[in-house]
Structures are given as structure tokens and as C-alpha cells.
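Here is the structure we will look at, set down as C-alpha cells.
Read the figures in this text as sums done on the coordinates, not as results from a lab. Quick caveat: nothing in here was measured; it's all calculated off a predicted structure.
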Amino acid sequence: MNTNGHELFKAFHHIKKSSMGRIHTCLMKDLKPHEFFMLKTLKKMYEEDQKEAQTNNLPAAPGVKISQLSRETAISMPGVSQTISTLEKHGYVKRIASNKDRRLVYVNLTDVGRQLEIDVSQSVFQLYDEAAAILGEKDTHALVLLLDKLAQVFDQIDQK
């Protein structure tokens, strides 16, 4: 039996455990990793929507619809809604009902949620900058090339 795939999986699991464990205990406080990544996705989607509205001279939406988040994250609507409820309970997001159609609800980050996303993202980049400095430029570059190649392989596997 070929164990290379198992070794690769174990290496990724170890990296995830050591890096995300450190970030989670230091910064993410009361959030689970998937809840934080929902914050990141919400921020990214809202910024993209704002830029598109501005480019096309259209009115900007006050947030992102849960259905859009569901499609983007490939998480069911009830799953997204539950995650949003948890984030709302912690004060990181708010729901905004449409003025024109009360059934239409948008979600957006609060100032507290925006600040948490900034703080955690900066810490993540700092952690990876430190790791890259220790690895050195040559090894970091080689690792990035290999990871990009691996991503392309996963894309090829998905296309089969």
C-alpha cells in the first residue's frame, strides 16, 4: 500500500493543528475556525459587491444575502444561518432587513467583527512571515511552488 498520500495528509494536519491552534487560542477567543472563516468570506464578498456596485453606478446592498454565502461556501442555507446566528450572538455580525422587501435579509460585519477579522488576519500573516523567515527565501519559494502544484493536481482530480 502506498503511504505517500497518508504522509501528505498527516503533514497538512500537523501544520493546521500547530498554526491554527496557536491562532485560535490567542485571538479567536469564542469562535470556532469555521465561524471565523465565515467572517472572512462575508467581508470578502461584501467588499466585492461594493466594488461592483460602484463600478456599475448601482446602489450598494447593505450586506450579503445568506443564500449568496451558502453558494460561496458550499454550506447549506440552514448551516450558514446557524453560523450567522452564532456570530450575531457574539456581536460580530448584524442582520439587516431590506426596506423594500422585509423578507429579504442581508448580513454584514459589525465594527467589532471587522476589527476581529483584521486582528486575526494580521496575526496569521505575521505567523507565516516568521515561518518564511526561518525557512529562508529558497525553501519558502520551493514550498510555494510545490503547494501551487499540489493545488493544480487537486483541481485535475476534481475534473475527473
Residue-ordered couplings for region 116-123, obtained by feeding phi - 60° into the Karplus form 6.51 cos²θ - 1.76 cosθ + 1.60 and rounding to whole Hz (Gly and Pro as x), are 4, 4, 5, 4, 5, 4, 4, 5
Binned at 5 Å starting from 0, the alpha-carbon pair-distance distribution of the chain in whole percents comes out as 1, 7, 13, 15, 16, 15, 13, 10, 5, 2, 1, 0, 0
Expected unfolding gain across Ala74-Lys17 under the 0.36 nm per residue rule, minus the alpha-carbon gap, is 18.2 nm
Output the 0 to 90 degree angle, nearest 10, between the alpha-carbon long axis of helix 33-55 and the longest principal axis computed from the alpha carbons of the chain. 60
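How big is D for region 89-160, in µm² s⁻¹ as a whole number, if Stokes-Einstein is applied with the Kirkwood radius of its Cα pairs at 20 °C and 1.002 mPa s? Kindly include the intermediate steps, with their values, before the conclusion.
Working: Rh = 16.2 Å.
After rounding, the answer is 132 µm²/s.
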Report, to the nearest 10°, how far helix 4-23 tilts away from the longest principal axis of the Cα atoms in the chain, using its own Cα long axis and a range of 0 to 90°. 50
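Would you mind calculating the relative contact order of region 26-160 from Cα pairs under 8 angstrom and at least 6 residues apart, reporting the percent as a whole number?
Working: 99 pairs, mean separation 29.8, N = 135.
Relative contact order of region 26-160: 22 percent.
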